[in-house]
2 protein chains.
Amino acid sequence: MPTPSMEDYLEKIYLIFEQKGYARATDVASSLDVLPSSVTKMMQKLDEKGLGVYEKYRGFILTPKGIKIAKDIAYKHHILEEFFRVLEIKSDNIYNEIEGLEHHIGEEMALSIASLVKFFEENPGIKASYLKYRQEMSKQDS
Amino acid sequence: MPTPSMEDYLEKIYLIFEQKGYARATDVASSLDVLPSSVTKMMQKLDEKGLGVYEKYRGFILTPKGIKIAKDIAYKHHILEEFFRVLEIKSDNIYNEIEGLEHHIGEEMALSIASLVKFFEENPGIKASYLKYRQEMSKQDS
Ligand SMILES: [Mn+2]
Ligand SMILES: [Mn+2]
């Protein structure tokens, strides 16, 4: 199992590759706010673990195993974003919260969250009564 | 902000203290499955950060600031347990999942989860139709 920070690199490399067709160390570095030398180091580590490989003309690309992990993290990131959105959570820290949570969510919780999002979207009356219920509860707490 | 591993120590020290009235390094070590020397090291670190302190006859105790963080993590652990339970998630890995998630959940998500748990418990019909919806969705995916 890769460490969260390795998963973060995989996720970014995958997203940049999808968008641009190639993933340069400098793009990954600016996107993760780290030094290009750290990216190069991590790319070597990913290579050693069989998750990515340097190709002469295409630069650094992910192997099928690397893509699988990257897609899984990107998917979990996405459904967590949807979950925060449907729950109408307004915190300034949502991005960081999701970046932390995405590495710890298992398959069954991911499915539960994804289906909760859709369930609330298809049942706006239920969603509204839940949001009202939460508001009442938050008043009692404070 | 303490690192997750520091939060884990705080959580355990707090829970052991609540249960026994004192928290010895050996009890914390066996509970976290680490060496007593690691616990002693962390206790020193907590002391430096003003989160805990050695007292002559009572041993290591948490300061009010340490208790606040520990209670927050223990609370998030608890509501995550409730969330997995009410969603009827059966994974073998739930404890580890919760141990990872508890450090990344913000206040608003914590309230949202706690209220979702209560909302489902007070509305068993809605819970049942959600679980049915999730089952349908999982069939489509596979
Ligand atoms: Mn992410
Ligand atoms: Mn815990």
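The values are calculated or read from the model by the stated rules, or taken from the named source; none is laboratory data. Note that this is a predicted model, so its numbers are computed, not measured. Using ideal geometry, Cβ is built from the backbone for each residue, glycine included, and neighbour counts are taken over all protein chains shown.
Can you pull out the residues in the range A:87-96 that are modelled with pLDDT of 95 or more and within 17 Å of the chain's Cα centre (by Cα)?
The one that is modelled with pLDDT of 95 or more and within 17 Å of the chain's Cα centre (by Cα): A:ILE94.
Out of the residues in the range B:47-77 that are out of contact with any helix residue (DSSP H, G or I) (no Cβ under 9 Å at 6 or more places or on another chain) and not charged (D, E, K, R), which is modelled with the lowest pLDDT?
Applying the filter and picking the extreme gives B:TYR57.
Can you work out which of the residues in the range A:1-49 that are in contact (Cβ under 8 Å) with a residue 40 or more places away in the chain and either within 14 Å of chain B (Cβ to nearest Cβ) or more than 16 Å from ligand 1 (Cβ to nearest atom) (or both) is farthest from A:ASN96 (Cα to Cα)?
Among those residues, the one meeting the criterion is A:LYS49.
Can B:GLY100 be described as within 12 Å of another protein chain (Cβ to nearest Cβ) and either surrounded by fewer than 17 Cβ atoms within 10 Å (Cβ to Cβ) or farther than 27 Å from A:SER91 by Cβ (or both)? Can you show your working first?
Numbers: within 12 Å of another protein chain (Cβ to nearest Cβ): yes; either surrounded by fewer than 17 Cβ atoms within 10 Å (Cβ to Cβ) or farther than 27 Å from A:SER91 by Cβ (or both): no.
No; evaluated as a whole, the condition is false for this residue.
Would you confirm whether any residue within the range A:67-78 is of a type in the set (Lys, Arg), away from chain B (no Cβ under 12 Å) and closer than 26 Å to B:TYR95 by Cβ?
Of the range A:67-78, the ones of a type in the set (Lys, Arg) are A:68, A:71, A:76.
Keeping just the survivors that are away from chain B (no Cβ under 12 Å) gives A:68, A:71.
With the extra rule that they be closer than 26 Å to B:TYR95 by Cβ, the set shrinks to A:68.
Taking every residue of the range A:67-78 in turn, at least one turns out to be of a type in the set (Lys, Arg), away from chain B (no Cβ under 12 Å) and closer than 26 Å to B:TYR95 by Cβ.
Where the second residue is within 15 Å of ligand 1 (Cβ to nearest atom) and of a type in the set (Asp, Glu) and the first is in the same structural domain as A:LEU87 (by TED's automatic domain parsing) and lies in the range A:98-124, which pairs have Cβ atoms under 6 Å and are six or more apart or on separate chains?
From the range A:98-124, the pairs are A:HIS103/A:GLU7; A:VAL117/A:GLU82.
Checking the structure you have, find out if any residue of the range A:114-129 is within 8 Å of another protein chain (Cβ to nearest Cβ), surrounded by 17 or more Cβ atoms within 10 Å (Cβ to Cβ) and of a type in the set (Phe, Trp, Tyr).
Yes, because at least one residue in the range A:114-129 is within 8 Å of another protein chain (Cβ to nearest Cβ), surrounded by 17 or more Cβ atoms within 10 Å (Cβ to Cβ) and of a type in the set (Phe, Trp, Tyr).
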